[in-house]
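What follows is a single structure, written as structure tokens, with notes after it.
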Amino acid sequence: MRQQPTALQLFRSPLPLCAWLMAIALALTLAMGCSSQIGDACEHRDDCPSGASCDRSVVDGFCTVTDCRPADCPSEAVCVEYARHEAFCMRSCETDDDCRRDHRCIDDSEVGKSYCFIDD
């Protein structure tokens with residue numbers, strides 16, 4: 001009768017080790033894909049990426065960086081100045097499909113990029 005391998009023996013075998021490493025890599029990739037971004041809905045600052053805040057003046061909240069400068073925004077966002085000394089990181093977009101529900105893609109020639117904004 002053959003004995004079942006122990007957990008320690010399984011980890012020493014190259015095939016299960018590769019399978020474990022692939023599973024860990026997949027889990028990390030999925031976790032990173034689910035991370036919050038500028039423009040996401042939020043209830044609290046913790047719902048937003050590091051360095052961003054939750055603007056609750058918008059329906060369902062809005063993750064943003066306030067008083068931004070162009071270099072302050074993450075790669076998925078652009079700094080938009082709405083009034084003198086009022087600037088916010090907004091999610092970049094190419095089409096309305098890149099924006100969340102009730103938002104649309106605005107082409108702003110002053111900024112030189114398009115960004116998601118509330119659809120009035």
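Bear in mind these aren't lab numbers, they're just calculated from the coordinates by the rules spelled out. What you see is a predicted model, and the numbers here were worked out from it, not measured in a lab. Cβ atoms come from the backbone with ideal geometry, glycine included; neighbour counts cover every protein chain shown.
Below, the figures for the structure above:
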| item | result |
| --- | --- |
| ASP67-ASP47 pseudo-label distance in nm [points 7 Å out on the Cα-to-Cβ vector] | 2.4 nm |
| Segment ASP97-ASP119, extension gain: residue separation times 0.36 nm, minus the distance between their alpha carbons | 6.7 nm |
